[in-house]
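Quick note: the coordinates plus some simple rules give every number you see, no bench work behind them. Keep in mind it's a predicted model, so treat the numbers as computed, not measured. Here the Cβ positions follow ideal geometry from the backbone for every residue, glycine too, while neighbour counts run over all protein chains shown.
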Amino acid sequence: MYPEIMVIPMREELTRLGVEELRAAADVDKALQNQSGTTMVVVNSICGCAAGRMRPAVRLALQNAAKPDKVVTVFAGQDKEATDRARSYFTGYPPTSPSIAILRGGQLVYMMQRSQIETRDANAIAGDLKAAFDQHCVPAPAH
């Protein structure tokens, strides 16, 4: 674990956007269990691909017309309990950081892993996130 003073700017890069930081397993469960609508979970990291690619991509993607109802983050390598609990919702995917998941009603509907982040620029990543928002984060039409 890194000294908290080093990590604060990396946390704030997302919280300044209105992303809710979850630092305990109970916070993750409260945010993800039995929730209606969509929630994007950003697994933040101290690595360079989070700084230069993932966090800027999240900022760009959140400018899209369609976006998740709620956006939360956990910090891998810093808040282990919260990160482990968040990853427990990512059924079928090994733990990676950074990563981004979208859940609808507590069920995983989209997953972007480190391998899809570390080799691409922020605009390409944001494009994929916007497409996922357009697909998964628009309200179902009323019947």
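A few points about this structure:
- Of all the residues in the range 44-60, those that are within 20 Å of residue 136 (Cα to Cα), surrounded by fewer than 24 Cβ atoms within 10 Å (Cβ to Cβ) and not charged (D, E, K, R) number 1.
- Scanning the range 112-137 for residues that are out of contact with any helix residue (DSSP H, G or I) (no Cβ under 6 Å at 6 or more places or on another chain) and β-branched (Val, Ile, Thr) yields a count of 1.
- Here is the figure for the range 71-86: residues that are under 23 Å from residue 122 (Cβ atoms) and crowded, with 18+ Cβ neighbours inside 10 Å total 9.
- Some residue of the range 88-104 being part of a loop (DSSP other than H, G, I, E, B), surrounded by fewer than 22 Cβ atoms within 10 Å (Cβ to Cβ) and of a type in the set (Lys, Arg): no
- Every pair of residues 6+ apart whose Cβ atoms lie under 8 Å, when the first sits in the range 111-134 and is farther than 10 Å from residue 58 by Cα and in contact (Cβ under 8 Å) with a residue 12 or more places away in the chain while the second is surrounded by 17 or more Cβ atoms within 10 Å (Cβ to Cβ) and basic (Lys, Arg): 117/53; 118/53; 120/53; 121/53; 133/67
- The range 1-22 - residue that is in contact with a helix residue (DSSP H, G or I) (Cβ under 8 Å, 6 or more places away or on another chain) and of a type outside the set (A, V, I, L, M, F, W, C) and, of those, nearest to residue 84 (Cα to Cα): 21
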